[in-house]
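Participant: Before I ask anything, here is the structure I am working with.
Only the coordinates and a few stated rules stand behind these numbers; no lab work does. On a predicted model such as this, the values are computed, not experimentally measured, just so you know. No Cβ is skipped: glycine too gets one built from the backbone with ideal geometry, and neighbour counts run over all protein chains shown.
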Ligand SMILES: Cc1cc2nc3c(=O)[nH]c(=O)nc-3n(C[C@H](O)[C@H](O)[C@H](O)COP(=O)(O)OP(=O)(O)OC[C@H]3O[C@@H](n4cnc5c(N)ncnc54)[C@H](O)[C@@H]3O)c2cc1C
Ligand code: SF4
Ligand code: SF4
């Protein structure tokens, strides 16, 4: 969105400032940007002054209202949760999906359904645990692969690099599941003038996200306590629990959240979006009800898919209690307040919000 900038600027403004979210949008475009675990680096200067890497990055200047107009046809009237058609709670009807999923299995059920219905030909997913603490990105081409990616890793993976591979090897209509920083990068890729695999993306399912952990920090924290290759599931129960729960083949361990806060990625402190406001569909937990999801439907196409999935008994839904909706709004607004406050602490200037391009009216709500 900011013309005339490239890898040198990406390195200076994002990588060197510790703002990289390791979304993968800049990975695989060229031979000069590499990812090792969740660390992205420019290994050699490529010599060009203007680049897709800068254009796609969710931590370079991003005009949120312009992206909203592009996706929803208008700027969001709702500062807390973004544009939406409906919010309810939902779960997968299939009990195996629910048992393998993080919460209600809505994400896995919808991706599987969209593939089986021919709505998408492939899906970009993240496999959370595969004998390693580090999640892996996957371009699933068969619906049978989807459940293998169920569950949540609280470490970020450079998942969007799969879309850069798809630029060279088109996959038809693609679905993407991602956290808010990945969804923002994906929308920037779609809006960009450059040819990219993101142009083939027809369904964007965004997850809620408050923060993620750095691989290095969390790996060190677990040393001597848990063998990462035995992890089956990690959960962060809602407040007031204040714990992180690790389920392994040997049993379950609980750790106080305060002990792992130091491993939260610095970029998460300036992250403005909790509910993937730029997605077609957003999915999170329902606090206190383990096997249900909060489901936000944002676009008419997504509503059509959800209605069909309900009719075909793939998912079921119930109204979300007003008190839970109020709580969700407050959590999202709090994340925005914290992000803006942290950004202004860094820049020392209320007019300089780093990557966020918000109208004066919008930013004043959070200052
Ligand atoms: C880093 C992170 C932080 C989160 N924080 C919150 C939160 O604060 N509040 C909240 O309500 N929900 C949060 N979630 C979302 C929540 O954990 C569930 O993913 C969501 O509720 C969907 O549940 P489900 O049962 O439908 O998922 P499932 O059917 O199990 O599907 C989960 C999907 O998540 C994807 N996935 C797994 N790990 C990652 C990853 N690291 N990056 C990108 N995609 C991944 C997989 O591709 C899979 O398709 C977070 C998720 C992640 C990855
Ligand atoms: S595009 Fe993504 S991976 Fe690349 S620098 Fe930006 S945040 Fe990091
Ligand atoms: S808090 Fe934001 S930057 Fe951090 S992992 Fe979640 S979406 Fe990405």
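Participant: Of all beta bridges DSSP finds with both residues in the chain, what is the antiparallel percent, to the nearest 5?
Facilitator: Values: 35 of 49 bridges.
Expressed as a percentage, antiparallel bridges in the chain total about 70.
Participant: Turning to a different aspect of this structure: Over the Cα atoms, compute the radius of gyration (one decimal) and Dmax (the largest Cα-Cα distance, rounded to a whole number) for region 215-263, in Å.
Facilitator: 10.6, 29
Participant: Post the alpha-carbon centroid distance, region 132-166 to region 259-313, in whole angstrom.
Facilitator: Cα centres, region 132-166 to region 259-313: 17 Å.
Participant: Over region 28-136, what per residue volume does the convex hull of the Cα atoms give, in whole Å³?
Facilitator: Working: hull volume 21.3 nm³, N = 109.
In region 28-136, the Cα convex hull volume per residue is 195 Å³.
Participant: From Cα pairs below 8 angstrom and at least 6 apart in sequence, can you work out the relative contact order of region 215-263, rounded to a whole percent? Walk me through the intermediate numbers first.
Facilitator: Details: 55 pairs, mean separation 15.2, N = 49.
Once divided by the residue count of region 215-263, the mean separation gives 31 percent.
Participant: Label points 7 Å out from Cα along the Cβ direction at residue 95 and residue 322: separation in nm?
Facilitator: The modelled label-to-label distance comes out at 3.6 nm.
Participant: So how do 318, 357 line up by other beta-carbon neighbours within 10 Å, fewest first?
Facilitator: Details: 318 11, 357 17.
The most exposed by this proxy come first: 318, 357.
Participant: In deg cm²/dmol and to the nearest 500, what is the mean residue ellipticity at 222 nm of the chain if only DSSP H runs of at least 4 residues count, each as -39500 (n - 2.57), divided by the residue total?
Facilitator: Numbers: 12 runs with 110 residues, N = 367.
After summing the helix terms and dividing by the residues of the chain, the value is -8500 deg cm²/dmol.
Participant: When the expected Rg is taken as 2.2 N^0.38 Å, what fraction or multiple of it is the alpha-carbon Rg of region 259-367?
Facilitator: On the way: Rg = 17.2 Å, N = 109, 2.2 N^0.38 = 13.1 Å.
Against the empirical 2.2 N^0.38 Å value, I get 1.32 for region 259-367.
Participant: Ranking 355, 32 by Cβ neighbours within 10 Å, fewest first, what do you get? Mind dumping the intermediate values first?
Facilitator: On the way: 355 22, 32 17.
Lowest to highest Cβ neighbour count: 32, 355.
Participant: Relative contact order of the chain: what whole-number percent is it, with Cα pairs under 8 angstrom and at least 6 residues apart? Mind dumping the intermediate values first?
Facilitator: Values: 746 pairs, mean separation 79.0, N = 367.
Reported as a whole number, the value is 22 percent.
Participant: Mind sorting 160, 147 by how few other Cβ atoms lie within 10 Å of their own Cβ, fewest first? Each step should come with its number before you reach the end.
Facilitator: On the way: 160 29, 147 20.
Ascending Cβ contact count within 10 Å gives the list 147, 160.
Participant: Give me the percent relative contact order of region 61-105, please, defined on Cα pairs under 8 angstrom at least 6 residues apart.
Facilitator: Values: 23 pairs, mean separation 8.7, N = 45.
Dividing the mean separation by the residue count of region 61-105 yields 19 percent.
Participant: For the chain, what's the radius of gyration and Dmax over Cα atoms, in angstrom?
Facilitator: Spelled out, the Cα radius of gyration and Dmax of the chain are 19.4, 55 Å.
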